[in-house]
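Visitor: Could you have a look at this structure, given as structure tokens, before my questions?
The values are calculated or read from the model by the stated rules, or taken from the named source; none is laboratory data. What you are looking at is a predicted structure, and each value in this text was computed from that prediction instead of being measured. Quick reminder, even Gly has a Cβ in these numbers, built from the backbone with ideal geometry, and neighbours come from all protein chains shown.
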Amino acid sequence: MDQVIAINENVVEQLEESYRDLGFQEPQISLDDKLDEYIESLKSVEDHYRESKVEKWIKSQLDPILSEWRSKYSQNTELLKKANAETRNLENAKKMDQTKLDTLQSRINDFHEKKEIKQEEFTERKRNELNVENIDLKYEKMKATMLLVFSFVVAIGTYIYFAQAQIDIKWATMSNADKVAKVKTLITEYRAMNQYSAFSDVLVDPDTNKVKDLNELTISDLYAIDESIINKAADPTLGQFMRSDPSTITLAFSAFLLILLGKVTATVYEKLNMPNWMYYLLFLFAAIILVGAVTSTAMLGEKKIKRTTLSNKISEISFKIKELEDMEDVGFGEGYDNYGEDENKIQDPKIKELIQSLERLNQDFNNICESIGAFKFITMLLFMFAEIVVGSLAWISYSEFVAKRIKVNSGSKGILELITQEIEDISTLLSELGNKKKKLTERISLATNLENRIEALKSKLHSKDEIYHISQQYLNKEMANGEALLQIAKAKWSNSDM
């Protein structure tokens with residue numbers, strides 16, 4: 001239980017009433033006539049006795065009067081003690097009440113803050129309640145499903161591209177002898193139409209002078225396909241390599257793992273309380289990356305077509321050079337690969353022109369191959385990022401669907417009623433605390449008022465020492481007056497004797 005110091009206004013009223021009975025009045029002193037008569041009686045007294053006699057006479061006359069006057073204010077000391085004691089009591093009461101008031105005000109501020117928080121929570125939940133009524137779970141589920149399917153489609157595209165990249169790398173690093181064996185296997189075992197078309201000019205049946213049927217070809221029919229013309233071979237397709245070398249395809253399966261990175265992004269999204277800016281930013285990234293990936297793929301396809309065209313031109317010019325060399329018999333029996341060893345011996349200008357064209361085509365072919373390699377790398381990165389971003393959007397949409405489904409299923413009407421009751425309880429408590437604050441403020445105001453009244457009373461009360469000092473002042477005043485009258489009388493006596 002809080003300690004309370006009593007504030008009694010009656011004490012101050014009693015002090016004021018006591019003072020009214022003891023109001024300060026000056027002592028009633030009237031010695032002038034008697035003093036004149038007494039001084040006149042000293043005319044025959046020797047001069048050196050006159051002053052002491054006057055002082056003794058004044059003192060004998062005033063002492064009873066001043067003594068009686070001082071006794072009248074003898075209670076002032078007790079009144080001052082009571083006033084000082086009551087002042088200390090009021091000061092202590094004010095300090096204690098002020099401490100309580102500060103603590104109370106702090107509690108009031110805390111409860112006001114809690115009330116504001118609850119009101120904001122009520123408003124937010126009320127808004128959410130209205131939003132929940134407008135949630136279309138079927139649409140949200142469809143949106144999340146479509147994005148997940150789309151991310152899976154992108155994953156398939158990324159998977160295919162990774163696999164094709166593995167095939168291209170393996171094909172590019174394969175020796176010509178291995179390429180010959182691989183092409184013959186693709187034609188005879190897997191009936192690869194692209195390889196059959198690439199070498200159709202050397203697959204002619206000498207008896208009928210027609211290209212042999214693909215389904216009838218055997219290994220012995222492919223004797224003309226050797227290392228000298230293997231550059232005509234087409235790049236193996238994904239299906240061909242999947243059947244002939246499944247281990248290469250499994251290396252590209254990691255593309256599907258990129259979908260899991262999208263789940264990590266969605267987890268971060270949930271931790272950040274699902275900010276809209278993150279969703280929009282990912283959507284923008286997805287659009288930019290997908291456009292870049294499609295553009296890069298289109299340009300890559302264009303460069304591959306150009307590479308095929310250059311390869312065909314190189315083969316065509318090489319064949320022409322071979323024919324002209326055979327016709328002119330200039331020593332290039334081993335084919336155009338040796339033209340650079342003894343170029344000065346070539347006499348036919350047409351052969352020289354073809355060789356120069358072949359050199360330019362080979363340089364262009366090398367450049368386009370390097371460019372294709374760079375584009376493959378860029379396109380691979382774009383597909384990877386596209387898979388990550390689209391997967392993130394898909395998992396984010398699914399997270400939003402789950403959160404909205406929970407909102408719809410849980411409802412918040414009961415929570416709203418609970419919050420409303422909490423706000424009412426806080427308001428009731430604030431009202432009670434407000435009443436306590438009002439009472440404490442009134443007590444402090446009353447104590448301050450009583451202090452001021454006591455201070456005003458104390459300024460009018462005189463202590464015993466002060467009363468005595470005042471009485472001495474009156475005595476000294478009369479002594480000085482007697483001395484002055486004696487001097488006047490002595491002067492008058494002297495004049496009368498002359």
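Visitor: Does the stretch 413-453 hold any residues that are under 30 Å from Asn84 (Cα atoms), without any contact (Cβ under 8 Å) to a residue 40 or more places away in the chain and charged (D, E, K, R), and which are they?
Guide: Once the filter is applied, which keeps residues that are under 30 Å from Asn84 (Cα atoms), without any contact (Cβ under 8 Å) to a residue 40 or more places away in the chain and charged (D, E, K, R), the stretch 413-453 yields Lys438, Lys439, Glu442.
Visitor: Tell me the residue from Ile415, Ile368, Ile388, Ile444 that is assigned to a helix (DSSP H, G or I), closer than 30 Å to Thr309 by Cα and not small (Gly, Ala, Ser), please.
Guide: Ile368
Visitor: Another one. Residues that are modelled with pLDDT of 75 or more, surrounded by 15 or more Cβ atoms within 10 Å (Cβ to Cβ), under 22 Å from Asn366 (Cβ atoms) and assigned by TED's automatic domain parsing to the domain that holds Arg307: does the stretch 198-206 have at least one?
Guide: yes
Visitor: Right, here's the next one. Would you mention how many residues in the stretch 71-82 are part of a helix (DSSP H, G or I) and either modelled with pLDDT of 80 or more or not aliphatic (A, V, I, L, M) (or both)?
Guide: Looking only at that region, the number is 7.
Visitor: Which numbered condition in (1) modelled with pLDDT under 75; (2) surrounded by fewer than 16 Cβ atoms within 10 Å (Cβ to Cβ) is the only one that Val330 fails?
Guide: Checking Val330 against (1) modelled with pLDDT under 75; (2) surrounded by fewer than 16 Cβ atoms within 10 Å (Cβ to Cβ), the one that fails is (2).
Visitor: For Pro236, all conditions in the list (1) at pLDDT below 75; (2) surrounded by 16 or more Cβ atoms within 10 Å (Cβ to Cβ) hold save one; what is the number of the exception?
Guide: (1)
Visitor: Identify all residues within the stretch 9-25 that are modelled with pLDDT under 70 and more than 12 Å from Ala83 (Cα to Cα); write none if there are none.
Guide: Within the stretch 9-25, Arg20, Asp21, Leu22, Gly23, Phe24, Gln25 qualify.
Visitor: Return the only residue of Lys404, Lys350, Lys439 being in the same structural domain as Lys114 (by TED's automatic domain parsing) and of a type in the set (Lys, Arg).
Guide: Lys439
Visitor: Same structure, new question: Out of everything in the stretch 386-402 that is surrounded by fewer than 19 Cβ atoms within 10 Å (Cβ to Cβ) and in contact with a helix residue (DSSP H, G or I) (Cβ under 8 Å, 6 or more places away or on another chain), what residue ends up being modelled with the highest pLDDT?
Guide: Ser399
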